[in-house]
Amino acid sequence: LHWVQILAIFAALIVLSVSFYEANWRGHLKLAACSIVSIITLILFPVMFFTDGGAFGGMGYWFTLGLVFDFLIVEGAAFYVLLVLQVIAILSCYWVAYCRPEWVVPIGTTTGIYIDMLQSLIVLGLVLGVINKFQNRVYERSLKKISRQNEALIASEERADKANRAKSEFLSSMSHEIRTPMNSIINLSEIMMKDQLDGEIKTQVGTIREASYDLLSIIDDVLTYAKIDAGEMHLIKEAYSFEKLQKMIVRSVSEELQKKNLLLDIRIDHDIPKTLIGDSVAIRQIFLYLLFIAIDSTTTGRIVLEIRCERDEAAQTAKFFCRIADTGRGLSEIDIQSLFGMY
């Protein structure tokens, strides 16, 4: 070997050792990668090219190895910068060697040329093979790690689903169990209100009835959320009184109306049956949804709630038409189109 080549090899070993230390012990992986590519492939390889026969030596394979290293270990903007510099350096080396052949130290014999090219080709093949094996092992370890993480995540999701189902079932069961005594309290309080009671006692019974209605409304909300969590949000059919439903709706919005000094004008058709069958919770939610929108968009004036009913005695059905108007700013066309998006 030419003495310059020997120095270049020792310099490359020093650069590799320092880069290995920076990458593994100090965590400067990007700095180490850029150092290897820039110092070895942009400085040492060109020096070895001119001292090892130029285009007639094996340095072409080493240039290829330098490009492969750039693709493997350099990331981000540094990759593109070093790649362009490598291509310029390789083209420059061959161009200078072609224009100034006297600057190239020739290999002594034809046998030496063949030996140099063959050993460079073999080393290149071995290095690329080792890199490929290493990368495959890294990928396999990563895949196994990801697979274990996925299995743990699936197991965790299953445990969370079971816990959510148990919670939803508990809430649903609890809500149903509480609604029965609450309805009894409401019915008894209404019976007592019809009796001849003293003023103070009647007021207290009225308070009990109002609080029971509020608590029943909360219980209905809990039951709704439990159904949503359990993925069982279906309409139910049960008998209910529209008059009681109307009172519950008015009570729910009365506080907001008082805060804004708004008047609620209720116009309800007298032809509505006393007892209906349907999902009273869902119906109440729709009315409250529309009324709260009207309250939010109204600063002064009043809100009109108009309900009209068309009965079909033969089919024993009733069709309701609801109209809510306010003296506020109104809704945009986009808001109107998405008004019933959740229903």
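The values are calculated or read from the model by the stated rules, or taken from the named source; none is laboratory data. These numbers were taken from a predicted model, which means no experiment stands behind them. All Cβ positions, glycine included, derive from the backbone under ideal geometry; neighbour counts span all protein chains shown. Accessible surface areas use protein heavy atoms only, side chains included; no ligands, DNA or RNA. Shrake-Rupley method; radii C 1.70, N 1.55, O 1.52, S 1.80 Å.
Worth pointing out:
- Within the stretch 240-267, the residues that satisfy the criterion of being open to solvent by less than 40 Å² (accessible area, probe 1.4 Å), under 28 Å from G328 (Cβ atoms), of a type outside the set (D, E, K, R) and outside any helix (DSSP H, G or I) are L262, L264.
- Close pairs from the stretch 283-297: first under 22 Å from E238 (Cα atoms) and free of Cβ contacts under 8 Å to residues at least 40 places away in the same chain, partner part of a helix (DSSP H, G or I) and not aliphatic (A, V, I, L, M), Cβ under 6 Å, at least 6 apart: L288/S252
- So W3, is it in contact with a helix residue (DSSP H, G or I) (Cβ under 8 Å, 6 or more places away or on another chain) and open to solvent by 20 Å² or more (accessible area, probe 1.4 Å): no
- Of the candidates G76, G66, G54, the single residue that is among the small types (G, A, S) and over 26 Å from S17 (Cβ atoms) is G54.
- Qualifying residue in the stretch 143-163 (condition: hydrophobic (A, V, I, L, M, F, W, C), touching a residue at least 12 places away in the same chain (Cβ under 8 Å) and part of a helix (DSSP H, G or I)): no
- Positions within the stretch 113-142 being open to solvent by less than 100 Å² (accessible area, probe 1.4 Å), without any contact (Cβ under 8 Å) to a residue 24 or more places away in the chain and more than 54 Å from the chain's Cα centre (by Cα), in sequence order: I115
- Evaluation of F20 against (1) under 14 Å from I90 (Cβ atoms); (2) open to solvent by 30 Å² or more (accessible area, probe 1.4 Å); (3) within 43 Å of the chain's Cα centre (by Cα) (one fails), failing number: (1)
- Meets criteria (modelled with pLDDT of 85 or more, surrounded by 11 or more Cβ atoms within 10 Å (Cβ to Cβ) and acidic (D, E)) for D326: yes
- Tally, over the stretch 290-316, of residues that are loosely packed, with under 12 Cβ neighbours inside 10 Å and part of a strand (DSSP E or B): 2
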